[in-house]
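The values are calculated or read from the model by the stated rules, or taken from the named source; none is laboratory data. Every value quoted in this text rests on a predicted model; they were computed, and no experiment measured them. Backbone-built Cβ (ideal geometry, glycine too); neighbour counts: all protein chains shown. To get the accessible areas, we keep the full protein, side chains included, count just its heavy atoms, and leave off ligands, DNA and RNA. Shrake-Rupley method; radii C 1.70, N 1.55, O 1.52, S 1.80 Å.
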Amino acid sequence: MDFLRSMAIPLAFLLTAGFGQVSSLEAAGADGVSAPVQPASKDNPLKELWSGKRWASETTQSMQDDEFANPAGPWAAIGEEEWNKVEGDAGKSCASCHQDASESMKGVGTRYPVYFEPWKKMMALEQRINHCRENAMKAKPYKWESDQMLGMVIHIKSQSRGMPVNVKVDGDAAPFFEKGKEFYYQRRGQLDMACKHCHEGNYGQHIRSETLSQGQSNGFPTYRLKWQKVGSLHRRFKGCNEQVRAQAHESGSDEYVNLELYLAWRGNGLPVETPSVRR
Amino acid sequence: MFRAIFISLLIAGLAVSGQAFAQSAPKGAATLDAKPAPKAKERCQDGETPEVAAYTIGKGPNVEKAINESLTGTPGDPEKGLQWMAHRRLGNCLACHMISAVLERAEKTPNIEVTNLAGQKSSQPLGNHGEIGPSLDGVASRYTEGELRMLVVDPKAIFPDTIMPAFHKNNGFTRVHPDCQGLAILSAQQVEDVVAFLNTLK
């Protein structure tokens, strides 16, 4: 009995230490910054997933991590304010139906874009927000790149911060996933490059002094130092397209929503970082 | 890394006493990088040219295709070739390819003055080479002049999956930006200049 009792404490210690080690390893492996995340699907052409944060400078990384230093803060505040603002003929705010975003919106940011039956196509989070505004609130839709829309998307997606991206690409979403994939591998523009040329085969390599990333979307909307403001994923798509001297598509176009779906799938498993900070 | 921070902070206009950052930033490069990105409407106005020379694809000893005859009949100027290669919106070869001889030159003179076909003068960095493509050191020992010409004109004729753009081609693309439609990045003579420079890299 005494023997057992004397063993209990070291055993408990060992067990705790053991668990501690496992969980800290998991934590280190789960962020795609200090260690890669394993892709959820074996069909993912990427064998390890890295957040763009991995290639951000230390200053930029810590700017993102510090809630008070993160320059996207003002947009997050706009989003929270908008959430509670009564607008439109129905006399409602987002909170009227969805109450506390920290509970009702938890996990939502990991799932979009989703298949939307009435449209028979994919719906991005921005479109979901405007659908609510126009139909439930009877309010005017936000413009895609407006501070209100960016703020609202940040407010919603940041409720999933740290949760793994997990878009569904089978069932009704399957044909749209295929379209997004086709876009990703299509050469375009005068420079005749596809997304894959930079972000699949050459990530981690330098193009001049820039480091190419995997082009992951888990941090969007992102505060980009180059923009000196927060911007949407579709704004980034336009920039990429124009950089290879191709004609961009419209924000919210089917092309970009399908690409967003495909891109999110390539990052399924990476933690949501919204709002991230990038160069 | 530090340079990246420096530029980012510069662009963001944040106050920083970046002594360490400033010291590690190559001379001249930071100010060039910090320029705002060109507007979309100016995307292809650095001398991109609508005319594409007719050429015959022959065989090469090292790769299956080569353009063994000059596109213009006028010998290329290697010094001009380097100018087109350094120009960020023309060849921009240094964005992806490392050339030791050019890096050495960049240590003494970080920039090269370039007058593009539209007559605009600019100062282009000779340093800061990328690593996406293979090093061009000794490229003229690996390929003949005709093969190099083929690789600059349309590298996909030899390497179908390459990231490298075709520099003397003006059609057959998808969704080209309106400012760039029907234009080739380099003129026939510019290609000859680039090939002349590459041919010095024995």
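A few notes on this one:
- Excluding exposed DSSP-loop GluC sites (Glu not before Pro) (at most 13 other C-beta within 10 Å), longest clean stretch of chain A: A:68-249
- More than 42 Å apart - percent of Cα-Cα pairs taken over the protein assembly as shown: 27
- Projecting the Cα atoms of B:Ile99, B:Gly133, B:Leu183 onto the charge dipole of region B:78-198 (Cβ charges, centred on the Cα centre) puts B:Leu183 farthest toward the positive pole.
- Solvent-accessible area of region B:78-198 (1.4 angstrom probe, protein heavy atoms only): carbon and sulfur portion equals 54 percent.
- For region B:78-198, relative contact order (Cα pairs under 8 Å, six or more residues apart, normalised by length) works out to 31 percent.
- Helix A:254-266 axis versus longest C-alpha principal axis of chain A: approximately 10°, rounded to the nearest ten.
- Computed from protein heavy atoms with a 1.4 Å probe, the total accessible area buried between A and B is close to 3400 Å².
- Sum of -39500 (n - 2.57) over DSSP H runs of 4+, divided by residues of chain A (222 nm, nearest 500): -12500 deg cm²/dmol
- For chain A, radius of gyration divided by Kirkwood radius, i.e. Rg to Rh on alpha-carbons: 1.04
- In a DSSP loop and with at most 15 other Cβ atoms within 10 Å, the chymotrypsin sites (Phe, Trp or Tyr not before Pro) in region A:27-113 are A:Phe68.
- Relative contact order of chain A, pairs being alpha-carbon contacts under 8 Å that are 6 or more residues apart, as %: 25
- Listed cross-link partners A:Lys179/B:Lys59; A:Lys92/A:Lys181; A:Lys196/B:Lys59; A:Lys106/A:Lys181; A:Lys53/A:Lys140; A:Lys196/B:Lys108 are compared with a 32 Å cut-off, the Cα-Cα value being larger for A:Lys179/B:Lys59; A:Lys92/A:Lys181; A:Lys53/A:Lys140; A:Lys196/B:Lys108.
- Calculated P(r) of region B:78-198 - Cα pairs past 20 Å, %: 41
- Interface residues of region A:231-279, defined as those losing at least 50 Å² of solvent-accessible heavy-atom surface relative to the isolated chain (probe radius 1.4 Å), are listed as A:Glu242, A:Arg245, A:Gln247, A:Arg279.
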